[in-house]
Structure formats: C-alpha cells, structure tokens
Amino acid sequence: MTKFINPGLMKTNRRNVLRGSVLAGAAAMTGTAALATPRSPKLSIANTTSANLYKAAGEQAKDSTAKPADLSGYTRVKQEMVAPPYAPVHEQVATGGPKIVEITMDTTERLMVVDEDTGASVWALTYNGSVPGPLIIVHEGDMVELTLRNPVDSQMEHNIDFHASTGALGGGGLTHVYPGEECVLRWKATKPGCFTYHCAPGGAMIPYHVCHGMNGAVMVLPRDGLKDKDGNLLSYDKIAYIGEQDYYLPKDESGEYKTYEAAGDDYSDSIDAMRTLTPTHSVFNGAVGAITGENAMKFAVGETVLMIHNQANRDSRPHLIGGHGNYVWETSFSEPPLTGLETWFVRGGTAMASMYTFEQPGVYAYVNHNLIEAALLGATAHFVVEGEWDNALMEQVVAPREFET
Ligand SMILES: [Cu+2]
C-alpha cells in the first residue's frame, strides 16, 4: 500500500511531472510548466541532480510503514517570526509540557542592495524576505511544525534542511516546494543547541541558494534554561541574532557589479564566482551596514546579550571589540560553556551562541576577527551601550598630547 507520511509528498499530476525525470516533457505543457521551467538552461542540469536526490528521499518515505506520531501531551502554540537581528517572543525556561510550535515561512525572492557605496546587489533567495531567515526558538522535546510556502511569483524551487532535525536530509527531502506550493513539516527537537537551517534543492543549487541568503538559525534551549558549568541558571536580557553571509557577486569586464532582471538570471555567473571560493562580501544580516550606525543594536550597562551567530557556509571567528565572550557555546547546550573568551569560533555550517554582560558604555563592534572581512567585506555590527563609565575598569590617564623631545 502506498502511504504518504507528509503533505509534501502528496501525489499530484503537477508534482509528478515537475519533480521527476520527465522535466523536459513538462516544457510542452502550458501554465504550470511555464511556472516552474528554469529561466537559465543550466538550471535544468542542477534540477536533474536535485530531482534524483529528492526522488530517492521521497521514495524512501513513500514506502514507509511507520506508525503515526503520538502527539498526545503536546500543546499547540504559534510562534510569530520576526526579522533579524531580533528574536521571537519566547520563554528561557520552559513552562508546562512539550509544545508543537507552529511557524510559517515564505520562500521569498527579492532584489537586495548589498552595498550602497558600490551598488552591489543580489536577487536574494530568502526565508520571509530577510537574510538570514528568522530565528526560531523552541525547547528540547518540543516539535517544530513548519508551513513552508513558495509564492506563486517565485522563479525557483526551494526547500529547507534543518540541522537540528533528524532524518530525510534534515527535512529537505520532504519540503521541496515549487512556486505556488506549500508543505508542512514537523520534527522533534531532540538536541539542545543552536543550529543552522538552509535551502538545499540539490547539486550546485545548494551553494547557490545558501550563498544567495537562504539560511537561518534555530535555537533549541534546554527546558530548564542555559546553565554554567556548576548548573547555575544563565539568563539574558536580549538576543542579537547575527547571520553572516558570504556573497560571490559577479562583476563585468570593467569591474562593476552586474545586475540582473530576475532571481536565477545570475546562475551561470554566480557558479563561476563561487568557484573562486573568494567572497566579494561577507556581511552581517544581508548587507554592509545592516547593523551599524543608525541600525546599531542598543543596550544598557548591566544588560546581558546572547549573541547568536549563524554561518551556513564558511568558518568565522567572532570577537566583541571592548568586551568578551563570558559564556560561549560553540557546539551544544549539552556541554558546559567555554568562559572568558576573547575570540570564538563558528564552524561553517553551524549556528552558535555567546553571552556577555556589558560593563562599560560606548560603541562595541562585533566583528569577524578576520579583520579583512570585517573592514573590507562588511562583517561588522555595532552595539551601542548606555550607562555610567567605570574608571576602575579603564581610564584615560593622559589624553593624547605631544611629548617633549
Ligand atoms: Cu532555495
């Protein structure tokens, strides 16, 4: 008996035509075929790779005789997604039993200015229109139930791979949505920590989508909150959610950044640029200056910030200039945090968290301490902190003056 365990695997004529090896045949159809036919000839090569990968994942799930999940004992709640660098409303220590946390994300394709000074832009592929995608926060033992919608006017197919989840390519095999489609994926958060999520349509489309902004983070908190090595509760006042995005933006013969009419039109040029492994930009939250100057995050002396850093594609080494990583969870919340760090490490393909309590007012720069990336490629954020200066911690004993020779 054929059994479908997820709405994303529902058989429809349109899905079967578009998903499988008869993609070319679809071109003869009107309407739906035109909707999802790749704009660039090269897209179909990657789509074939994608189709094979996801066909396999789909077949596996289709033949399953798995029992329905027992959802008794769970309470359903909705989590409203908010744009970075902010976090959704959440509890640090869970109250009540496990929850099914319902979220909705749209795979929005939009033209974004990456650097106003140079005019560099990208047809960003996003979750909910932001780079990174919104931060999701649940507790260990909760379920995430995602409705993923691909708008009708999209050019491309999308899906989502949650590193926090277990099975089916992180959900990527069950969430492949074409323009005008939606699916629902439910997964259990069994491992506490910060995790990346990203689009992974298959083949070269994986780095193409990830390097066009299609990634974000999930934080799975322990039910009893974050703890130090002695088991004492560590709470925070605010979250700073930072997504570091490496872009590989094509240039023309005269060195100017190229522009394109629609999402996907830069595919061939992007593949060439990505092969250099040398990003043209490495920015926080989608664009140069997205969290600096007027857009800086604001804090007060005595406030504790939890900095969540997502990098889906490359390593990074965050440093808070003028502050520290008082507690740093580079890997999991199951392990005691590192303490008192000057610079910490983000493994490419992860999200991680660091915590700091501000002791002095002023402007702090949160940077990738590859300073070339911080200063020249864009990987800088500003935290503006108000409060009383503490001379016991630092004092300018003599202001700059000419010295006697
Ligand atoms: Cu995508």
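Here are some notes:
- Selection within segment 166-181: residues that are touching a residue at least 40 places away in the same chain (Cβ under 8 Å) and within 19 Å of M143 (Cα to Cα). The member of this set that is nearest to the chain's Cα centre (by Cα) is G172.
- Checklist (1) in contact with a helix residue (DSSP H, G or I) (Cβ under 8 Å, 6 or more places away or on another chain); (2) farther than 18 Å from N368 by Cα applied to G289, failing item: (2)
- Of all residue pairs spaced 6 or more apart or on separate chains, those with beta-carbon atoms under 6 Å, a first member in segment 237-261 that is free of Cβ contacts under 8 Å to residues at least 24 places away in the same chain and a second member that is surrounded by 14 or more Cβ atoms within 10 Å (Cβ to Cβ) and of a type in the set (A, V, I, L, M, F, W, C) are P250/A273.
- Exactly one residue out of T196, T108 is more than 28 Å from D237 (Cβ to Cβ), modelled with pLDDT of 95 or more, in a strand (DSSP E or B) and of a type in the set (S, T, N, Q): that is T108.
- Residue list for segment 366-405, filter: in contact with a Pro (Cβ under 9 Å, 6 or more places away or on another chain) and at positive phi: G387
- Any hit, segment 194-215, residues being more than 16 Å from the ligand (Cβ to nearest atom) and at positive phi: no
- Pairing residues of segment 152-165 that are under 27 Å from I137 (Cα atoms) and not assigned by TED's automatic domain parsing to the domain that holds Y260 with residues that are basic (K, R) and more than 9 Å from the ligand (Cβ to nearest atom), at Cβ distances under 8 Å and at least 6 apart in sequence or on separate chains, gives A164/K191; S165/K188.
- Against the conditions (1) outside any strand (DSSP E or B); (2) surrounded by 19 or more Cβ atoms within 10 Å (Cβ to Cβ), V101 satisfies every one except (1).
- Restricting segment 124-140 to residues that are of a type in the set (A, V, I, L, M) and part of a strand (DSSP E or B) leaves a set whose member that is nearest to N310 (Cα to Cα) is I136.
- Index of the failed condition, S165 passing every other in (1) away from the ligand (no atom under 13 Å from the Cβ); (2) out of contact with any helix residue (DSSP H, G or I) (no Cβ under 6 Å at 6 or more places or on another chain); (3) of a type in the set (S, T, N, Q): (2)
- Residue match in segment 71-89 (condition: within 30 Å of D266 (Cα to Cα) and assigned to a strand (DSSP E or B)): no
- Test: residue in segment 216-230 that is under 30 Å from G167 (Cα atoms), within 16 Å of the ligand (Cβ to nearest atom) and not acidic (D, E): yes
- Cβ-Cβ distances below 9 Å connect the following pairs, each with a first residue in segment 389-405 that is assigned to a loop (DSSP other than H, G, I, E, B), a second residue that is surrounded by fewer than 10 Cβ atoms within 10 Å (Cβ to Cβ) and modelled with pLDDT of 95 or more, and a separation of six or more residues or different chains: W389/E395.
- The condition of being without any contact (Cβ under 8 Å) to a residue 24 or more places away in the chain, more than 25 Å from G171 (Cα to Cα) and more than 23 Å from the chain's Cα centre (by Cα) does not hold for D224.
- Only residues that are surrounded by fewer than 24 Cβ atoms within 10 Å (Cβ to Cβ) and touching a His at 6+ places or on another chain (Cβ under 8 Å) were counted in segment 296-312, giving 2.
- Where a residue in segment 192-220 is touching a residue at least 12 places away in the same chain (Cβ under 8 Å) and aliphatic (A, V, I, L, M) and its partner, wherever it lies, is in a helix (DSSP H, G or I) and within 12 Å of the ligand (Cβ to nearest atom), with Cβ under 7 Å and at least six apart: A200/G172; A200/I206; A204/A46; M205/A46; M205/S50
- Among (1) assigned to a strand (DSSP E or B); (2) in contact (Cβ under 8 Å) with a residue 40 or more places away in the chain - the single one P336 does not satisfy: (1)
- Candidate set from segment 141-162 (those that are part of a loop (DSSP other than H, G, I, E, B) and crowded, with 20+ Cβ neighbours inside 10 Å); member that is farthest from the ligand (Cβ to nearest atom): D142
- Condition check for A375: part of a helix (DSSP H, G or I) and either over 20 Å from the mean Cα position of the chain (by Cα) or assigned by TED's automatic domain parsing to the domain that holds K191 (or both): yes
- Segment 176-193 - residue that is within 16 Å of the ligand (Cβ to nearest atom) and not in a loop (DSSP other than H, G, I, E, B) and, of those, surrounded by the fewest Cβ atoms within 10 Å (Cβ to Cβ): E182
- A single entry from P68, P41 fulfils the requirement of being away from the ligand (no atom under 16 Å from the Cβ), at pLDDT 65 or above and not assigned by TED's automatic domain parsing to the domain that holds T190: P68.
The values are calculated or read from the model by the stated rules, or taken from the named source; none is laboratory data. The model shown is predicted, which means the values in this text are computed figures rather than measured ones. Every residue, glycine as well, gets a Cβ built from its backbone with ideal geometry; the counts of neighbours run over all protein chains shown.
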